[in-house]
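Q: Starting off with a structure, shown below.
Values in this text are rule-based calculations from the coordinates and carry no lab data. On a predicted model such as this, the values are computed, not experimentally measured, just so you know. Using ideal geometry, Cβ is built from the backbone for each residue, glycine included, and neighbour counts are taken over all protein chains shown.
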Amino acid sequence: MNRALLSAGGPLALVAALGLAIEPALAQPNPAGVAAAVRNKVEIRSAATRKAHPAVLRERLFMADQVQTGAASQLQLLLLDRTTFTVGANARVTIDRFVYDPAANSRSAGISVAHGAFRFMSGRALGKPGGAVNVRTPVAAIGIRGTIFEGVVGEDAIRIAEDEPAVGRVKADKGEASLIVLRGPGPRTQGDTAPGAIDVTAADRTVAVEGADLAVYVPRAGVPPIGPFRISPAGLEALQELLRPGPGSPPGGGGGNHTARNVLIGAGVIAAGVLGGKLLGGGRKKGPAKGQGNVGKQGKPSAVPPPNPNGKPPGG
């Protein structure tokens, strides 16, 4: 030990010096999840550095991190509880909170979507109700009860909703309008996801959505939800188009049953062992892969149910 250090400040100086070395280790946050699939231009603005950088495969994401995707781009976030959250092109998303303690049957998660299309697929089921899980848009709060749903915020929400007979043309905000669609699963679901529902709240009114392909539309702030109504095949196809991989995707990214395949990406990533080893250990660390257009290896065929030829999620 440096005698000058001891003589200059005595024990207090020594404690202070040790504190400087220990503090960074104590300050390391726990990750909320990892980037399980990155396609084309995706940027993450770190809550710690407040700087944006290109996302890389298997990069850890933390609470308050912000995600922004470019044109024809997509990110799939795999949370610690195996929830998958996929965002399409030109999206802006923030991880508001994430707490997960399976030993205590405790979970609390919140994600804000400022713009763009998204898909939420519930993760590992807890033995009992274990805390609030919700997604927020500028005009709506979506409470989740173990299910799969999709949505879009912005001009695309208006474009799709206006063609629905149950909605028609109503005054809407191009930056805030939100369309939310429950996709499943049904009673024959496979895997961790159990039959569930969503509750959509806007303007102090809450509506329960409890059937596959039922939708709710909130055109602007201060307006209660319109619906639930059954979205048309054309409307559902338009929403699916926003969530399909763009150019630069891996082989097999185009054609075929987009609905079933995209919904099942989460299960395939889980089977690939993305959650294994030290990948989700404490601290911020980027994965070994660099560049764009990367996805994890495919899992065993038995790990995911086969695509449904009618284009609906498994068990719907």
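Q: Students often forget the sequence filter, so: which aspartates and glutamates lie under 12 Å Cα-Cα from LYS174 once same-chain residues fewer than 8 apart are removed?
A: Answer for LYS174, where 12 Å is the Cα cut-off: GLU155, ASP156, listed by chain and number.
Q: Continuing with this model, one more query. Can you list residues whose amide H is under 5 Å from VAL133's amide H, if they're 5+ apart or on another chain and H is modeled 1.01 Å from N?
A: Residues meeting the criterion, in which the H sits 1.01 Å from N, are ALA109, ILE144.
Q: Along the stretch 203-209, what does the Karplus equation 6.51 cos²θ - 1.76 cosθ + 1.60 (θ = phi - 60°) give for ³J(HN,Hα), rounded to whole Hz, x for Gly and Pro?
A: Karplus-based 3J(HN,Hα) across the stretch 203-209 equals 6, 6, 10, 10, 10, 8, 10 Hz.
Q: What are the ³J(HN,Hα) couplings of the stretch 136-146, residue after residue, when phi is run through the Karplus curve with 6.51, -1.76, 1.60 and θ = phi - 60°? Round to Hz, x for glycine and proline.
A: Rounded to whole hertz, the list is 10, 10, x, 10, 8, 10, 10, x, 10, 10, x.
Q: Per-residue HN-Hα couplings for the stretch 73-87, Karplus 6.51 cos²θ - 1.76 cosθ + 1.60 at θ = phi - 60°, whole Hz, x for Gly and Pro?
A: Per-residue couplings from phi come out as 10, 7, 10, 10, 9, 10, 7, 4, 8, 6, 5, 10, 10, 10, 10 Hz.
Q: Using the count of nearby Cβ atoms within 10 Å as a rough guide to exposure, how do ARG205, ARG58 rank from fewest to most?
A: Starting with the residue having the fewest Cβ neighbours, the order is ARG205, ARG58.
Q: Using amide H atoms built 1.01 Å from N in the peptide plane, name the residues 5+ places from ALA32, or on other chains, whose amide H lies under 5 Å from its own.
A: Excluding prolines and chain starts, which carry no amide H, the hits are LEU61, PHE62, MET63.
Q: Fewest Cβ neighbours within 10 Å first, please rank LYS41, LYS171 accordingly.
A: LYS171, LYS41
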